[in-house]
1. Could you work out how far apart the two model spin labels at Q84 and R49 are, taking each label as a point 7 Å from the Cα in the direction of the beta carbon, and quote it in nm?
2. May I ask you to derive the relative contact order of the chain, considering only C-alpha pairs under 8 Å and at least 6 residues apart, and to give it as an integer percent?
3. What does the C-alpha gyration tensor say about the overall shape of the chain? Classify as rounded when a/c is under 1.5, otherwise prolate if a/b is larger than b/c, or oblate.
4. Roughly speaking, what is the stretch gain from E72 to A91, that is 0.36 nm per residue apart minus the C-alpha to C-alpha distance, in nm to one decimal?
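Quick note: the coordinates plus some simple rules give every number you see, no bench work behind them. Please read all numbers here as calculations on a predicted model, not as lab measurements. Here the Cβ is made from the backbone with ideal geometry for all residues, glycine too, and neighbour counts use every protein chain on show.
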Amino acid sequence: MLLITEHQRYFVYTGVTDMRKGFDTLCGLVRAEMKLNPMSGDMYIFFNRSRTHVKILLWDRDGFALYFKRLEKGTFELPSHNSQTTTSISAQTLALILQGIVLSSVRRKKRYEHAA
């Protein structure tokens, strides 16, 4: 079961990913392309070219876990990004992407945010 909480960080690889890639190759993408540590406990999200498949890689205390979802109809929406290979998203945004909600149509009301 995939648990999405505000206590983790979420990084989307904005390039195209071959969904045949497994744990080791995705870890290599995280290190080489995203310049991040795959064992940090953060979640790393990868999409295929047609955005019908998603893989999420995460380190779970004693090993890697890989979540894989294939849509039978429709596509996943990528969050907006500036030609970077990596973009950070919130837990809420990831949940919306996985549920198929159009991100541009979501309106958020103003809320207080404490600057750390």
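1. Roughly 2.7 nm, to one decimal.
2. 28
3. Here the chain falls in the oblate category.
4. 4.5 nm is the gain from fully extending E72 to A91.
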